């Protein structure tokens, strides 16, 4: 009888361990997706090395979410109002972020001189990193704004810096680029040329 009891206990413990392992995996997966199937929200991940994958939630074709912000003169506003009915690029940046600085320099040297149509360049800096002391000369028509990073994460799912959004005249997001690997994606360059 002792052998059968040991065998039974072994099977029971194996079953419990399998159940706990599966339950733990489901719980972790659910927590990382914020309870939404296929929506990965962890702040600990970044897009792949290519850096051209759009972040989830706000995607191409969506209307620009209304993100409250503050202009340098402390006037409250929102991103949607600032853009209005013109084409725009929104750059979510952080002053201590080297790829963000590289992107701004790339915009100044490589992109801005080749843009034929008017486009507004909105540089959004988190409240905690104000005032912005970067050089805005040579960037074209620029609006600098302060924003709340938690609200931006909620509305735009900003999980990595820099993140760029190309906005058309209708206020729709045409292209998204997360990270800056040294150049803009073909899709982003096509948006800027069109």
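The values are calculated or read from the model by the stated rules, or taken from the named source; none is laboratory data. Here the structure is a predicted model, which means the values were calculated and not measured. Here the Cβ positions follow ideal geometry from the backbone for every residue, glycine too, while neighbour counts run over all protein chains shown.
Here is how the numbers come out for the structure above:
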| quantity | calculated |
| --- | --- |
| Residues being closer than 17 Å to residue 103 by Cβ, surrounded by fewer than 24 Cβ atoms within 10 Å (Cβ to Cβ) and out of contact with any helix residue (DSSP H, G or I) (no Cβ under 6 Å at 6 or more places or on another chain) - total across the range 162-177 | 1 |
| Neighbours by Cβ (under 7 Å, 6+ apart or cross-chain): first from the range 116-140, closer than 25 Å to residue 87 by Cβ; second exposed (fewer than 14 other Cβ atoms within 10 Å of the Cβ) and at pLDDT 80 or above | 118/141; 120/141; 121/141 |
| Members of the range 147-161 found to be surrounded by 17 or more Cβ atoms within 10 Å (Cβ to Cβ), over 19 Å from residue 84 (Cβ atoms) and touching a residue at least 60 places away in the same chain (Cβ under 8 Å), listed by number | 152, 157, 158, 159, 160, 161 |
| Qualifying positions in the range 166-194 - over 18 Å from residue 122 (Cα atoms) and part of a loop (DSSP other than H, G, I, E, B) | 181, 182, 183, 185, 194 |
| In the range 85-105, the residues that are farther than 16 Å from residue 156 by Cβ and touching a residue at least 12 places away in the same chain (Cβ under 8 Å) | 85, 86, 87, 95, 96, 97, 99, 101, 102, 103, 104 |
| Residue 53 surrounded by 11 or more Cβ atoms within 10 Å (Cβ to Cβ) and at pLDDT 75 or above | no |
| Among residues of the range 178-187, those that are surrounded by fewer than 20 Cβ atoms within 10 Å (Cβ to Cβ) and either under 12 Å from the mean Cα position of the chain (by Cα) or without any contact (Cβ under 8 Å) to a residue 60 or more places away in the chain (or both), counted | 1 |
| Top-ranked residue in the range 81-92 [being out of contact with any strand residue (DSSP E or B) (no Cβ under 6 Å at 6 or more places or on another chain) and either part of a loop (DSSP other than H, G, I, E, B) or at pLDDT below 90 (or both); ranked as surrounded by the most Cβ atoms within 10 Å (Cβ to Cβ)] | 87 |
